[in-house]
Amino acid sequence: TIAHEAAACGHADVLKWILSVAQLGGDLLTRPARSGATIAHVAALSNCVDVLGWIAIAPTLVSALLKAARCDGRSIAHEAAAAGHTTILNWILDANDLGSGLLKRQANDGSTIALTAARNGHTDVLRWVANMSMLGVALLAKVRNDGWTIAHE
């Protein structure tokens, strides 16, 4: 949607405008893509922390997108880890109502942010996980449903 495009490019001003148009508003902002990706998912994947910040303070209907999972169970944290965006992971950790709970969430196949980062070659994310006391080795050692670890990735 135009909302996904705006979120991917960091245009919170466009999202605010969409929200202000009665015929578009919350319905367009909350409509997921076929994959289940929301505007929050594409913002996290694109390292658009300003967009995530706007979503966090937007009306409840929109801010719920920060906790939404895609059809495959991936959260905004998985998207950030896939792209190597530790800035977004730090934002999630510090955000009210998100924090380490969202960072520890596993996708439908059991993938964690560590497995996702390893799959995409992001050692900076793996180091970040290791250095976070509430995540650390316990998250790095998690096994996907098929038995794969970060070493398999």
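The values are calculated or read from the model by the stated rules, or taken from the named source; none is laboratory data. As the structure is a prediction and not an experimental result, all values here were calculated from the model. Every residue, glycine among them, receives a Cβ derived from its backbone with ideal geometry; neighbour counts consider all protein chains shown.
What is the one condition in (1) touching a helix residue (DSSP H, G or I) at 6+ places or on another chain (Cβ under 6 Å); (2) part of a loop (DSSP other than H, G, I, E, B); (3) charged (D, E, K, R) that ASP50 does not satisfy?
(2)
Using the structure shown, decide if GLU153 is surrounded by 13 or more Cβ atoms within 10 Å (Cβ to Cβ) and modelled with pLDDT under 95.
yes
Give SER111, SER100, SER63 a once-over and let me know the one that is in a loop (DSSP other than H, G, I, E, B) and of a type in the set (Ser, Thr, Tyr).
Answer to the check: SER111.
Here's a check for you: in segment 87-105, which residue that is of a type in the set (Val, Ile, Thr) and buried (at least 19 other Cβ atoms within 10 Å of the Cβ) is nearest to ASP124 (Cα to Cα)?
Filtering segment 87-105 for residues that are of a type in the set (Val, Ile, Thr) and buried (at least 19 other Cβ atoms within 10 Å of the Cβ), the one nearest to ASP124 (Cα to Cα) comes out as ILE88.
Quick one: which residue in VAL42, VAL62, VAL14 is at pLDDT below 95 and either among the hydrophobic types (A, V, I, L, M, F, W, C) or touching a Lys or Arg at 6+ places or on another chain (Cβ under 6 Å) (or both)?
VAL62
In segment 129-139, is there at least one residue being closer than 26 Å to GLU5 by Cβ, crowded, with 18+ Cβ neighbours inside 10 Å and at pLDDT 95 or above?
Looking through segment 129-139, none of the residues is closer than 26 Å to GLU5 by Cβ, crowded, with 18+ Cβ neighbours inside 10 Å and at pLDDT 95 or above.
Looking only at residues in segment 17-33 that are more than 18 Å from the chain's Cα centre (by Cα), of a type in the set (A, V, I, L, M) and surrounded by fewer than 17 Cβ atoms within 10 Å (Cβ to Cβ), which one is modelled with the highest pLDDT?
Selected residue: VAL21.
Would you say GLY110 is surrounded by fewer than 16 Cβ atoms within 10 Å (Cβ to Cβ), touching an Asp or Glu at 6+ places or on another chain (Cβ under 9 Å), under 24 Å from ARG144 (Cα atoms) and assigned by TED's automatic domain parsing to the domain that holds VAL14?
The answer is no for GLY110.
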